[in-house]
Amino acid sequence: MTASTASSDTSAVRAPGPRSIVGRRRLTSRRMVDVVSHGYIWLCLFVFVTPFLALLAYSFTGPGGTYAIENFQYVLGSFGENLWWSLRISGLSIAIDLAIALPAAYAIVRYPVPGKRLIFSVLSLPLYVPGAVIGLSLVITYNFTYHLTTSMWGLVFGMVVGTFPLMLTPIIVALKDLPIAFEEAAECLGASRWTTFWRIVFPLIGPGVSAGLMLAFIIVFNEYLVTLFVHPSEITTAPLRIFNLVRTAGLLPTTAALAVTMQLISFASVLLFFRVFGTRYFKGTYLI
Amino acid sequence: MSTVRLESITKHYGQTVAVDGLSLDVADGEFVTLLGPSGCGKTTTLRMVAGLIEPTDGRIFFDDQDVTDIPPRKRNIGFVFQTPALFPHLSVADNIGFGLSVKGISKAAIAARVDEMLAMVGLASYGRRLPAQLSGGQQQRVALARVLATDPRVLLFDEPLSALDKNLRDSLKYSILELQRRTGKTAIYVTHDQSEAFAISDRIVVMNAGRIEQIGTQTDIYLHPRTPYVAEFIGANNGLPGTVTGREGDGDDARILVQAGTRELRCRGRDEFGAGEAVIAYVRPEDIEILDGASDRQFENVLEGTIDRVIFEGPTAQLRVEVDGRELRVDVSGNQRLTLMQRDGRVRLGFDAVTLIAAPVPA
């Protein structure tokens with residue numbers, strides 16, 4: 001936008017004389033570029049958003065093609081339990097993720113651990129391994145060693161394994177960006193390491209921690225493949241329910257409504273993240 | 001308040017020796033500056049006093065207490081960093097009160113102390129602001145208040161002004177000195193800036209390559225440099241290498257004779273040198289006078305040379321004079337700097353023996 005205003009200003013100055021034609025021609029070509037690039041962005045958005053819009057529209061269709069809000073009431077009634085399981089599993093998983101990732105990231109960044117890079121690569125492995133492979137390895141591990149297949153904790157553990165690097169990486173980045181002078185200043189003022197960590201370091205790596213929480217939450221909340229492998233028979237999470245329903249009953253408007261609900265929860269958590277941490281919290285953080 | 005004693009402390013990083021057997025005594029309430037170029041080990045030394053770095057060898061004492069193995073949080077020190085390092089998520093008041101709050105002091109007592117400290121650094125109404133809402137100079141003053149709030153035994157400064165602009169540096173260095181004087185705290189200050197060191201120190205420790213070159217007052221360091229390094233590092237200096245040929249006179253009139261090339265120079269005779277010893281004789285640019293013939297003053301050392309360049313610098317002019325293939329710098333002021341602008345060719349330079357200092361060439 002600024003580019004086009006700038007060029008129109010120059011053409012106004014050059015108005016008299018033969019040069020103005022050149023100016024105008026340049027102006028039109030600028031405008032063309034503007035129109036084309038804006039059009040391209042809108043086209044991309046349209047292409048990406050269309051499936052979701054289609055799903056949204058479909059979730060509102062009643063029997064015989066009528067408009068039906070009942071689908072969403074049905075979601076809370078019949079799928080309430082599935083959503084509740086999804087939320088519980090996600091909450092527990094990200095809490096455990098955080099409890100492991102905080103000390104791990106601190107040790108990796110602040111202490112001279114030999115083979116740092118190798119450790120970090122191994123820890124990031126779940127990011128590059130397909131869900132089916134993780135699921136299969138978990139099943140084998142559980143059956144032959146821990147017999148965790150019958151409890152919720154087996155599922156939570158599986159989720160932690162899959163999402164741990166998503167929590168670790170942003171915390172490592174945030175810690176690396178945090179000048180060590182803050183910790184040294186706190187220590188010279190008489191604070192113990194524990195106090196320094198909770199009162200100084202943790203608030204200052206808040207953006208990294210929250211990014212990790214958001215990423216891990218969205219992945220766990222929407223995960224169905226690993227869940228398929230390790231879920232106990234009495235636990236069905238929302239994504240698993242959608243998968244099962246589509247497989248057995250085809251795509252019903254009520255299933256679409258459940259899918260839309262899940263999408264809204266994920267979307268809301270992203271919005272919340274950018275609202276709280278993406279803007280205000282980043283500014284004024286470590287400004288030295 | 002306490003004395004600080006370093007007993008031959010050494011720090012190795014692998015093969016690199018950062019600090020090499022450094023010993024130093026700082027008196028109670030004294031303001032000592034470690035001065036040297038970057039990489040000379042001054043910051044490493046300071047961080048060892050704070051306990052942020054463990055020495056490879058040697059002991060550190062506060063009064064008679066050996067603090068070498070005590071962690072920083074128990075040393076009761078005030079460390080001011082190069083950056084203010086104020087906790088960005090805490091208000092100015094909470095920053096200043098941090099050191100007291102971790103010691104479990106009551107909120108009312110902390111609030112009173114914080115107000116006292118804010119008033120002391122002249123930021124009385126700033127308690128509620130966040131550090132990001134302060135200027136660089138104000139932030140560093142809050143950092144100062146933060147360390148003073150805990151009533152530390154020793155104040156340690158690691159180039160606290162280097163991130164600020166020049167005017168601010170000038171005013172803040174006197175604030176630091178004034179606060180140190182008022183609180184009577186022992187202070188160790190690290191800087192690479194000579195004018196800063198000269199402005200605020202009781203004593204200056206000139207460091208080079210992990211060792212102490214010279215410890216002394218401003219005048220000691222400037223007028224009586226003990227080594228060629230100090231002579232060349234502090235201010236501008238002209239070095240004339242030569243060999244000691246003899247000695248004459250006593251007391252203030254004692255002179256050391258140095259053969260520099262074809263000339264014999266007469267140096268101040270305070271130091272002991274044996275005949276045949278290799279020395280460098282140093283004379284400051286401001287101690288050399290241009291002899292224009294009209295002057296009837298006699299100088300003990302007179303050299304002849306050719307003016308190479310005149311650099312007008314405002315209050316002074318810098319002359320580059322070539323003497324026997326060696327370029328000497330002469331600073332002139334007053335009317336002479338204007339008349340010399342139009343002159344080139346040969347000049348005679350005169351300087352007294354008391355301004356020519358011989359320093360031993362390091363082995």
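Of the set (1) in contact with a strand residue (DSSP E or B) (Cβ under 6 Å, 6 or more places away or on another chain); (2) within 14 Å of chain A (Cβ to nearest Cβ); (3) charged (D, E, K, R), all apply to B:Arg59 but (2).
Flag set for A:Thr227, criterion: more than 14 Å from chain B (Cβ to nearest Cβ) and in contact (Cβ under 8 Å) with a residue 12 or more places away in the chain. Can you tell me which residue within segment B:258-279, out of those that are charged (D, E, K, R) and crowded, with 19+ Cβ neighbours inside 10 Å, is farthest from the chain's Cα centre (by Cα)? Looking at the filtered set, the residue picked out is B:Arg266. Residue count for segment B:123-144 satisfying the condition of being small (Gly, Ala, Ser), within 11 Å of chain A (Cβ to nearest Cβ) and crowded, with 18+ Cβ neighbours inside 10 Å: 1.
Looking at A:Tyr281, A:Tyr286, can you tell me which residue is modelled with pLDDT under 85 and touching a Phe, Trp or Tyr at 6+ places or on another chain (Cβ under 8 Å)? Quick ask: steps written out before the conclusion?
Working: A:Tyr281 fails: touching a Phe, Trp or Tyr at 6+ places or on another chain (Cβ under 8 Å).
That would be A:Tyr286, the only listed residue that is modelled with pLDDT under 85 and touching a Phe, Trp or Tyr at 6+ places or on another chain (Cβ under 8 Å).
Scan segment B:204-226 and give yes if some residue there is in contact with a Cys (Cβ under 8 Å, 6 or more places away or on another chain), of a type outside the set (A, V, I, L, M, F, W, C) and closer than 17 Å to B:Thr33 by Cα, otherwise no.
From segment B:204-226, those in contact with a Cys (Cβ under 8 Å, 6 or more places away or on another chain) are B:207-210; that's our starting set.
Checking which are of a type outside the set (A, V, I, L, M, F, W, C) leaves us with B:208, B:210.
Narrowing the set further to residues that are closer than 17 Å to B:Thr33 by Cα leaves B:208, B:210.
Checking segment B:204-226: at least one residue is in contact with a Cys (Cβ under 8 Å, 6 or more places away or on another chain), of a type outside the set (A, V, I, L, M, F, W, C) and closer than 17 Å to B:Thr33 by Cα.
Scoring A:Thr227 on the criteria (1) in contact with a Pro (Cβ under 9 Å, 6 or more places away or on another chain); (2) modelled with pLDDT under 85 leaves a single failure, condition (2). The set of residues in segment A:47-62 being modelled with pLDDT of 85 or more and not in a helix (DSSP H, G or I) is empty. If you go through segment B:185-201 and keep only what is in contact (Cβ under 8 Å) with a residue 12 or more places away in the chain and outside any loop (DSSP other than H, G, I, E, B), you end up with B:Thr186, B:Ala187, B:Ile188, B:Tyr189, B:Val190, B:Thr191, B:Gln194, B:Glu196, B:Ala197, B:Phe198, B:Ala199, B:Ile200.
If you filter segment B:145-161 down to residues that are facing another protein chain (nearest Cβ under 10 Å) and under 14 Å from B:Arg47 (Cβ atoms), you find that the one that is surrounded by the most Cβ atoms within 10 Å (Cβ to Cβ) is B:Leu156. Would you mind stating whether B:Arg255 is touching a helix residue (DSSP H, G or I) at 6+ places or on another chain (Cβ under 6 Å) and of a type in the set (D, E, K, R)? Here the answer is yes, as B:Arg255 does meet what is asked.
Considering each residue of segment B:91-115, count those that are more than 7 Å from chain A (Cβ to nearest Cβ), in contact (Cβ under 8 Å) with a residue 24 or more places away in the chain and not β-branched (Val, Ile, Thr), and give that number. Outline the logic, then answer.
Going through segment B:91-115, the residues more than 7 Å from chain A (Cβ to nearest Cβ) turn out to be B:91-97, B:100-101, B:104-115.
From what is left, the residues that are in contact (Cβ under 8 Å) with a residue 24 or more places away in the chain are B:91-93, B:95-97, B:100, B:113-114.
The next check asks that each one be not β-branched (Val, Ile, Thr); those that pass are B:91, B:93, B:95, B:97, B:100, B:113.
So the count comes out to 6.
Between A:Thr236, A:Thr227, the distinction of being part of a loop (DSSP other than H, G, I, E, B) and more than 30 Å from B:Phe81 (Cβ to Cβ) belongs to A:Thr236 only. In this structure, does B:Thr243 turn out to be surrounded by fewer than 20 Cβ atoms within 10 Å (Cβ to Cβ), closer than 19 Å to B:Ala231 by Cβ and not basic (Lys, Arg)? Here the answer is yes, as B:Thr243 does meet what is asked.
When restricted to residues that are buried (at least 18 other Cβ atoms within 10 Å of the Cβ), of a type in the set (A, V, I, L, M, F, W, C) and within 30 Å of the chain's Cα centre (by Cα), segment B:280-319 contains 7. Whether a residue is touching a residue at least 40 places away in the same chain (Cβ under 8 Å) and closer than 19 Å to B:Leu155 by Cβ was assessed, and B:Leu46 passes this test.
Listed conditions (1) of a type outside the set (Ser, Thr, Tyr); (2) touching a helix residue (DSSP H, G or I) at 6+ places or on another chain (Cβ under 8 Å); (3) surrounded by fewer than 21 Cβ atoms within 10 Å (Cβ to Cβ) are all met by A:Glu187, apart from (3).
Of all residues in segment A:103-133, those satisfying the criterion of being under 20 Å from the mean Cα position of the chain (by Cα) and either part of a helix (DSSP H, G or I) or among the charged types (D, E, K, R) (or both) are A:Ala105, A:Leu123, A:Ser124, A:Leu125, A:Pro126, A:Leu127, A:Tyr128, A:Gly131.
Matching residues to (1) more than 24 Å from A:Pro207 (Cβ to Cβ); (2) without any contact (Cβ under 8 Å) to a residue 40 or more places away in the chain; (3) surrounded by fewer than 14 Cβ atoms within 10 Å (Cβ to Cβ); (4) not basic (Lys, Arg):
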| site | (1), (2), (3), (4) |
| --- | --- |
| A:Leu102 | no, no, no, yes |
| A:Val109 | no, no, no, yes |
| A:Pro114 | yes, yes, yes, yes |
| A:Leu123 | no, no, no, yes |
| A:Gly131 | yes, no, no, yes |
| A:Val139 | yes, no, no, yes |
| A:Val160 | no, no, no, yes |
| A:Met167 | no, no, no, yes |
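Filtering segment B:57-77 for residues that are touching a Lys or Arg at 6+ places or on another chain (Cβ under 7 Å), without any contact (Cβ under 8 Å) to a residue 60 or more places away in the chain and crowded, with 20+ Cβ neighbours inside 10 Å leaves a non-empty set.
The values are calculated or read from the model by the stated rules, or taken from the named source; none is laboratory data. The structure presented is a predicted model; accordingly, all values stated were derived computationally and were not measured. Note that each Cβ is placed from the backbone with ideal geometry, even for glycine, and that neighbours are counted across all protein chains shown.
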